[in-house]
Amino acid sequence: MEIDLNHKQFHWVIENILVLNQMGFVLEEFGENVFILREAPVWIKDIDEVTFLKEFADGWLDSEKELSIDTVLERKIMSKACKKAVKANQHLTNADILYLFKELDRAEDGFTCPHGRPISIKFSINEIRRMFLRT
């Protein structure tokens, strides 16, 4: 896949090609301000790789120079995850729900979203009874 970059993005990729490679991106220079994306990491399967790389380079260049590349990457991935998250009133099948619970069990920190908000709340049986006026 061909990636046309602006001059700043192109030089950022050149300077960070080894880091991008460690992340799973295999890029080959293909002319003036152009790369060919030969491979992309598995975790990016639901994200447009070209847009991600351009936004990643821009975010690093424009406003986050003082941050580590890992921090910038984490923020970009968290942002993408939030945009792809299940929203209120979105219909889920039983299979969807079961899949999400299995994935939640596998998560390192399955208690909050990337921004720190809780994703579940535990109620005791007495709290539930009180809510339904059964105490």
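Where a number appears in this text, it was derived from the coordinates with a stated rule and is not lab data. None of the values given here were measured: they were computed from a predicted structure. Quick reminder, even Gly has a Cβ in these numbers, built from the backbone with ideal geometry, and neighbours come from all protein chains shown.
Positive end of the dipole of segment 2-84 (Cβ unit charges, origin at the Cα centre): among S79, I17, I44, the Cα lying farthest that way belongs to S79.
Estimated at 0.36 nm per residue, the fully extended path between C113 and F30 surpasses their Cα-Cα distance by 26.0 nm.
From its DSSP helices (H runs of at least four residues, each -39,500 (n - 2.57)), the chain gives a residue-normalised ellipticity at 222 nm of -15000 deg cm²/dmol. Considering only H115, L133, I3, and ranking their Cα positions along the charge dipole of the chain that arises from unit charges at the beta-carbon of Lys, Arg, Asp and Glu, the one farthest toward the positive end is L133. The packing ranking, built from the mean of other Cβ atoms within 10 Å per residue, places the peptides 125-134, 36-45 in the order 36-45, 125-134, highest first.
Normalised by residue count, the chain yields a Cα convex hull volume of 161 Å³ per residue. Placing pseudo-labels 7 Å out from each Cα toward the beta carbon at V42 and S124 gives an inter-label distance of 4.2 nm. Sorted on the mean count of surrounding Cβ atoms within 10 Å across their residues, most packed first, peptides 89-101, 2-14 read 2-14, 89-101.
About its Cα centre, the dipole of the chain is roughly 1280 debye, where the only charges are +1 on Lys and Arg Cβ and -1 on Asp and Glu Cβ.
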